[in-house]
Structures are given as C-alpha cells and as structure tokens.
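Student: Pasting a structure here, questions to come.
The values are calculated or read from the model by the stated rules, or taken from the named source; none is laboratory data. These numbers come from a predicted model, not from an experiment. Cβ sites come from the backbone with ideal geometry, for glycine too, and all protein chains shown count toward neighbours.
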Amino acid sequence: MIKIENVRKSFGQLEVLKGIDLTVEKGEVLTIIGGSGSGKSTLLTCINGLEPIDAGRITVDGTVVHDKSTDLNKLRRKLGIVFQQFNAFPHLTVLENVMLAPRKVLKQSRAEAEAMAIKQLGHVGLGDKVDVYPSRLSGGQQQRMAIARALAMSPGYMLFDEVTSALDPQLVGEVLDTLRLLASEGMTMICVTHEMKFAREVSDRVAFFHKGVMAEIAPPEKLFGAPEDPELQKFLAATH
Amino acid sequence: MFDTALSAHDLLFLAKGAGVTLLVTAISVAFGTILGILCGVFRFQVGPYWASPVTFILDIFRSIPLLIQLVLANAFLGMVLKLRMSGFTIACGVLTLYTAAYCAEIVRGSIGSVPGTTRRAGRSLGMTWFQDMRYIVLPLATRVALPSWIGLALGVMKDSALVYVVQVTELLKSTQILITRLQEPLFLLMICGAFYFLISFPIARFGGYLEKRWSND
Amino acid sequence: MFNYTFQWNQALARLPQMLDGALVTMQIAILSMAIGVLLAILLTGCRLSGIRVLQGFAVTWVEIARNTPALFQIYMAHFGVASFGIHFSPFTSLLIGITFNNAGYLAENFRGALKAISDTQSRAGRSLGMTPVQAFRYIVLPQMLRIAYLPMTNQMVWAILMTSLGVTVGMNSDLYGVTQDLNALTFRTFELFAIAAVIFYVITKVIGLGARLLATRLFRY
C-alpha cells in the first residue's frame, strides 16, 4: 500500500504540491490526469524518493520514504518507475540493459538475471531484440525496454510518468498495450498520463490534479461521466 | 620570515630566463601560425591525396619528441652542414615548424567546419574564391580555431622549456642553474612554476570562455 | 653532397640496445596511462562529489598539470620532493611526473565528456535501486570513457613523447636515455637520434593504429 499524507513540495518560490492525500491499495490501477505544471509528475518522483518533500509523509508498505533511516536504494527495488524520456543505456544491449540492475543491485547470478530479462522482454514483446543495441530500436521499443527493465526488479508497484508523451503518435499504441497487459495481470500501477481513453479503460480510479491540488478522485465512469470540479469540467472539455 | 640565499641579482637572472621563454614563444608562434595557416589552407584546398607529402612531413613533428627534433636540427645544421647558427635561431626554427604542424591541423579542421552550403551561397552571389575565403570562411572558421589556437600557443610556451638542449637558457634552465648553486630546489621551482601558471592559467581560462560563448550560437 | 660522412652502420649496430630502451619507454607510457586513467576517474569523482575540499583538490591538480610544463612537473617529482628528504629514482620520478600530467589532462577530458551524457541516465540508474557509485560505475563511466577515447589515445602518444624528458633527471634506460648515452660513447649524434626518431615515429603510429582497431572491438554500439 502506498499512503500519501498531506505532502507539500516547493521548487524555490513555486509550490507544486499543496497538501496531497492519497492512498493506493495493492492491485489498484490509479491514473493521474491534469494540465502541465499541476504537480502530477513531481508526485511520482517524490514517491520513490528521487525528490525530497517539504512536509507530510509518504509510506510504502509501512516504510516512511523520506525518513533519514530509510535505505532508499532498497526501497526503490519495490518501486519500478518509467519516465517520459526512455533513458536506455546506450552502451549496453537490450538484454544487458535489463540485466544490469538485477545483477548489481539484487546480486543475482548471470543465469538468473538473464532468465528474468528474457522473460520480461518477451512480456513486453521484445523477445526478438535481445542482442540489439538501443540505438537500433524505435522510441516505442525503447520505452517498452525501459518497462521490462523496471519489471525485471520484480517491483511491487509500477510508476509511469507520461511514458507516451515523447513518442511519435503511431508508436503510442504499442506502449499503451503493454500497460494494459500489466494492468490486466493485477500489477499495482500509478500512471501519470495524457491519454484519456486509456485512463478511462484501465483505471480503477482516476485523480485529477490542478495547480498542486488533487481536485477530484473517482472511478473513471464517475470522473469522466459526471465531473464535479469546475476545473475538471473545463479540462475535459478542452481535451475532447 | 623566509630564509633564502636568493639575491636580487639571481631574481634578475630568472627574469631574463623568463624573457627568453616569452621571446622564443612569441617568435615561434608568430611564424608557426603563418606557416600553419598556409599549410592548412593548402591541405584543405588540394584534398588529402595531393596534400599527403605535406601532411606526412607535418605529422612527423607531432610524432617524435620535441627534444629529439631540437637535437637533430642542431646536429644536422652544425655537424652535417657545418653552419654556424646560434642555439636561439635553431630553437625558434624548430619550434616554428612544431607550431606550424599543430596549427595546420587546427586550420584545416576549422575550415572544414564551415558548412559547404554557406560557402556555395557565397560563391553563387558571384564572390571569387578569395572573397569567399575572406568574407565567409575566415570569420566563421576563426571562431572555431581561436580557442584551440590559444591552447596551442600556451602549449608552445610550456614546450619551449626544452630548448635548453640547444644551449638556450630559458626560464626552467635558469631555475636549474640556480638550484645547482643555491640548493633550494623547492623554493626556486615554485617561483618558476608560478610564472608559467600565472601566464598560462588566465589565458587558458579566456580561451575556455571564448569556446563556451561561441559554441552557444 | 655533404662535407660529412654518415656512418649509419656504426649507429645501426646499436639498434638492439635502442630497442631495449624503446621497451622501457613503452613500459613507462603504459604504466603512466593506466595509473593516470584511474587517477583521472578519481579526480572526476572528486569534482562530482559536491564536497568542497575534494573539488578544490581536483581543480588544483588539473590546473597545475595543464598550466605548467611537463618538464617542470618531472623536476618537481625529482628535485622538488627532495627538499622533504624524499629521493625517488629517475624511473619513479619520471613515472610520477608523467602520471601527474596524464591524470590532469584526462580529468579535463572526462569533464568535457560528462557534459555530453544526460543527467537522466544516472537518474534512471538510481530509480532502479543503484547507489550513486553504482550508477556512475555501470552507467556513466562506460559512456564517458567512450566519448573520451580519442583524447585518451592522443594522451597516450603524449605520454610516449614525454618519456624523453626523463633524461633531465638522470634516466638512462629509456629510448632517449639510451640514445644519449650511446651518443656520449660514439658521437654519431645525428645518426643515433635519427634512428631514435624513427623508432618513436613507429611507436606512435602503431599506437594510433592499435587504438583504432581496439575501438572497433570495444565500441559496438
């Protein structure tokens, strides 16, 4: 369970998170929508401790993320994250990209890591690309590799930060299909996204962020069907 | 406060050495740059095949130690040709060619960095080859070349420490002579090092600044 | 044509000794590069550490190495440290001097290379649970070494050329030192140093070629 309690975060003068309260249960798929600068991406990097927070508390399975005594490197094994930029490691083959962290962080044997990597690459549909360098992959393939790389750590949670935003339109579909697959398998996921159709389809709940505040959270039928917050109504009108 | 046998007279001796270092550097860099520009333009203009003899000769100066270049020049001019030439002349001659070898690389590279389309635009406006070089290539290539050229000039100053081998008493040699006499190696070397550093460091920084500023647009 | 009789045979008879010297020259250059690369990586780490003292240390090293003559650095390693009662052999002094110089120049090259690597690379590593050192070691470092590969081969050539400076601190087993000693015996200055020059030329060309061959094996991406 990820529990977010009254989290505040500023960059200099700009307050990007103004007291967020949110709980994500095991097995749940939560999507976060909202305009740019609404603080939704920042929340993800706060959850895995890449960004410090100014006030409040985030706990993952009972571990307080921003506590000084927390081993963040250990915590991050539980939290897979995929970013908008693919961040493929260009000097490693696709297989090596996926094997690196299990080998060095989880200290798995080569055989163990390789078996897991091949499994996860097959999972995201890159089974035939294992020995290729990332420069030979399309953006969509690179992003799916990044997903496999995160999955290879056997995380309890997956965080997706606008993973389709840097892709050419014709490549968005294959990445969303991968996310749908994960959701159908019961992975706990938090997806920050601009893809409304996708959010409506896969989510258990959808949260709407506006100017650092979670303005509304509801199951998709309710949030898209009968939005209450006036800003959300405007936002949905503009995106349709 | 600091106990040293260094006298005012010795300091003057060091200053003279520093003067020789700067003079050798200035002469070599000046002539070497002119020669380097000529060779660089030539190499770019006639293409790699026809320029290969020049390329080969210049490459030699970058592939064998400067110390050996100086010894060989000295031996060739003095023992083989039996010419009476001062060490200073030989030092300047060798360092000039040494500078030219590196400078030609810089010039060739920076001319190559001017986009062909820009040059064709100039020529299609009716400019002659010379006008194209003067008004299009020169200003653009200079931006690329100048930071490297500053690095080269500083490199030649540092490498001029080797001309002691042809009996030219420049700064480092002067320092060594004093070390032998006064037996205060650390103190004297620090003075000598400080001199090089105080000249090289600010100029190198300036070169870095130019490179940064010009690479942004 | 010249009023001078070249005596190449006399000089060529000494070739085996000179080739032995060339081996010592290569040995010093390779050692100084190996240690120099390691030190340069450490200096780069110091610069990235965010710890003031370490950054100052690294910057001082790099700037002294780049802004004073290599010969001065070798003098320092020999005569300078003698003031503290430390007496290194010519071999050690030369090795220290060249290594100091290599590390300084390489660290600067590495800094330039790092600018070309996106911050998000190490961020991606961190989010996979890597420590900062692991992310540097496995993700940033290999990419940095590739970008700095060409400057590194240039520095290797410099290291070869710099070994000739050892003669000033009494080194006599490297190529230049051997040649100098033979010259004192035979006075065939031009012939001997011409042969030494050819050997140096061949060594630098072999290094350039070898580096290019190695690159095709090392960098397949």
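Student: Taking the range C:132-144 as the search range and keeping residues that are within 10 Å of another protein chain (Cβ to nearest Cβ) and either of a type in the set (F, W, Y) or without any contact (Cβ under 8 Å) to a residue 12 or more places away in the chain (or both), which one is farthest from A:T93 (Cα to Cα)?
Tutor: Once the filter is applied, the top-ranked residue is C:P132.
Student: Same structure again: If a residue has to be of a type in the set (A, V, I, L, M), touching a residue at least 12 places away in the same chain (Cβ under 8 Å) and more than 12 Å from chain B (Cβ to nearest Cβ) to count, how many in the range C:146-170 make the cut?
Tutor: 4
Student: Take the conditions out of contact with any Ser or Thr (no Cβ under 7 Å at 6 or more places or on another chain), of a type in the set (G, A, S), surrounded by 14 or more Cβ atoms within 10 Å (Cβ to Cβ) and part of a loop (DSSP other than H, G, I, E, B) and apply them to A:A183. Does it pass?
Tutor: Taking the combined requirement at face value, the residue does not satisfy it.
Student: Is at least one residue of the range B:174-192 farther than 18 Å from B:G151 by Cα, touching a Gly at 6+ places or on another chain (Cβ under 6 Å), aliphatic (A, V, I, L, M) and not in a loop (DSSP other than H, G, I, E, B)?
Tutor: Yes - at least one qualifying residue is present in the range B:174-192.
Student: Return the only residue of C:A29, C:A77 being out of contact with any Phe, Trp or Tyr (no Cβ under 7 Å at 6 or more places or on another chain) and not charged (D, E, K, R).
Tutor: C:A29
Student: Looking at (1) over 30 Å from B:F130 (Cβ atoms); (2) buried (at least 18 other Cβ atoms within 10 Å of the Cβ); (3) of a type in the set (K, R), which is the one condition that is false for B:R108?
Tutor: (1)
Student: Go through the range A:51-80 and give me each residue that's in a loop (DSSP other than H, G, I, E, B), within 14 Å of chain C (Cβ to nearest Cβ) and either crowded, with 16+ Cβ neighbours inside 10 Å or small (G, A, S) (or both).
Tutor: Result: A:E51, A:V65, A:R77, A:K78.
Student: Using beta carbons and a limit of 8 Å, which pairs, at least six apart or on different chains, have the first residue in the range A:161-174 and on the phi > 0 side of the Ramachandran plot and the second one of a type in the set (V, I, T) and not in a helix (DSSP H, G or I)?
Tutor: Between residues of the range A:161-174 that are on the phi > 0 side of the Ramachandran plot and residues that are of a type in the set (V, I, T) and not in a helix (DSSP H, G or I), the close pairs are A:E162/A:V192; A:E162/A:T193.
Student: Additional query: Limited to the range C:66-98, what total is found for residues that are surrounded by 23 or more Cβ atoms within 10 Å (Cβ to Cβ) and either assigned to a loop (DSSP other than H, G, I, E, B) or more than 11 Å from chain B (Cβ to nearest Cβ) (or both)?
Tutor: Number satisfying all stated conditions: 7.
Student: Same structure, new question: From the list B:A121, B:A73, exactly one residue is out of contact with any strand residue (DSSP E or B) (no Cβ under 6 Å at 6 or more places or on another chain), within 14 Å of another protein chain (Cβ to nearest Cβ) and among the small types (G, A, S). Which is it?
Tutor: Only one candidate qualifies: B:A73.
Student: Of all residues in the range C:155-177, how many are under 9 Å from the mean Cα position of the chain (by Cα) and over 13 Å from C:I30 (Cα atoms)?
Tutor: 0
Student: Being under 22 Å from C:Y176 (Cα atoms), assigned to a helix (DSSP H, G or I) and among the basic types (K, R) narrows it down to one of B:R119, B:R62, so name that one.
Tutor: B:R62
Student: Could you please give the count of residues in the range A:16-39 that are modelled with pLDDT under 90 and of a type outside the set (S, T, N, Q)?
Tutor: Number of matching residues: 3.
Student: If you don't mind, another one. Picking from C:I41, C:I35, which residue would you name as being more than 16 Å from C:S93 (Cβ to Cβ) and either away from chain B (no Cβ under 14 Å) or surrounded by fewer than 19 Cβ atoms within 10 Å (Cβ to Cβ) (or both)?
Tutor: Result of the check over C:I41, C:I35: C:I41.
Student: Here's something else I'd like to know. Among the residues of the range A:103-124, what is the count of those that are under 21 Å from the mean Cα position of the chain (by Cα) and more than 11 Å from chain C (Cβ to nearest Cβ)?
Tutor: Count: 8.
Student: Determine which member of the set A:N48, A:N97 is in contact with a strand residue (DSSP E or B) (Cβ under 8 Å, 6 or more places away or on another chain) and polar (S, T, N, Q).
Tutor: So the residue among A:N48, A:N97 that is in contact with a strand residue (DSSP E or B) (Cβ under 8 Å, 6 or more places away or on another chain) and polar (S, T, N, Q) is A:N48.
Student: In this structure, is B:R43 part of a helix (DSSP H, G or I) and under 24 Å from the mean Cα position of the chain (by Cα)?
Tutor: yes
Student: If B:T180 satisfies all but one of (1) under 21 Å from the mean Cα position of the chain (by Cα); (2) within 11 Å of another protein chain (Cβ to nearest Cβ); (3) free of Cβ contacts under 8 Å to residues at least 60 places away in the same chain, what's the number of the condition it fails?
Tutor: (1)
Student: Specify which of the listed residues (B:L95, B:L162, B:L140) is assigned to a helix (DSSP H, G or I), surrounded by fewer than 20 Cβ atoms within 10 Å (Cβ to Cβ) and at negative phi.
Tutor: Sole residue among the options that is assigned to a helix (DSSP H, G or I), surrounded by fewer than 20 Cβ atoms within 10 Å (Cβ to Cβ) and at negative phi: B:L140.
Student: Separate question: Take the residues in the range A:81-102 that are more than 8 Å from every other protein chain (Cβ to nearest Cβ) and outside any loop (DSSP other than H, G, I, E, B); name whichever of them is surrounded by the most Cβ atoms within 10 Å (Cβ to Cβ).
Tutor: A:V98
Student: Given the structure, is C:L128 surrounded by 24 or more Cβ atoms within 10 Å (Cβ to Cβ), aliphatic (A, V, I, L, M) and at pLDDT 95 or above?
Tutor: no
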